[in-house]
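S.K.: First the structure, then my questions, so here it is.
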Amino acid sequence: MLCGVFPLMLELGRYKNIDEDKRVCLICDNNVSEDERHFLLKCRTLKATQNKYLPRLQLADPVEVATDDELENEEEREEEDEEEEEEYEKESEEVVTRTLHEMFNVCNLKITAMMIEDMQEERMKLMTQTLK
């Protein structure tokens, strides 16, 4: 994953000449770019696996996977005040960036590897079902 060869749409699209705006997650309905952040921390479809592993990681800023209600409230908050939302997003992205770095620290590496393996397996099953 760190080497840029993990089969996420962001990477696959580079090799298959797919436009950046079309490199979206194929297993959720968010229509967002499928990158490492989305796959590991934000994909709603993989929420159960995220909830299984994220609490076990030793993180300076523990990340909680948002519930559906929290995601809906976040969408409402976006409509109410875009300026506050930009500040919130910036802080949130900083936490996500730190979290991704910490996930690959030595003490978290085994758990992160198990999480990625389970998530990739789940992702492949869902993609196979979608293509049928």
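S.K.: Any residue at all in the range 116-129 that is at pLDDT below 75 and hydrophobic (A, V, I, L, M, F, W, C)?
M.R.: no
S.K.: Any chance you could count how many residues in the range 1-55 are loosely packed, with under 15 Cβ neighbours inside 10 Å, part of a loop (DSSP other than H, G, I, E, B) and among the basic types (K, R)?
M.R.: 0
The values are calculated or read from the model by the stated rules, or taken from the named source; none is laboratory data. Everything quoted here is computed from the prediction, not taken from an experiment. Don't worry about glycine lacking a Cβ; one is built from the backbone with ideal geometry, like all the others, and counts go over all protein chains shown.
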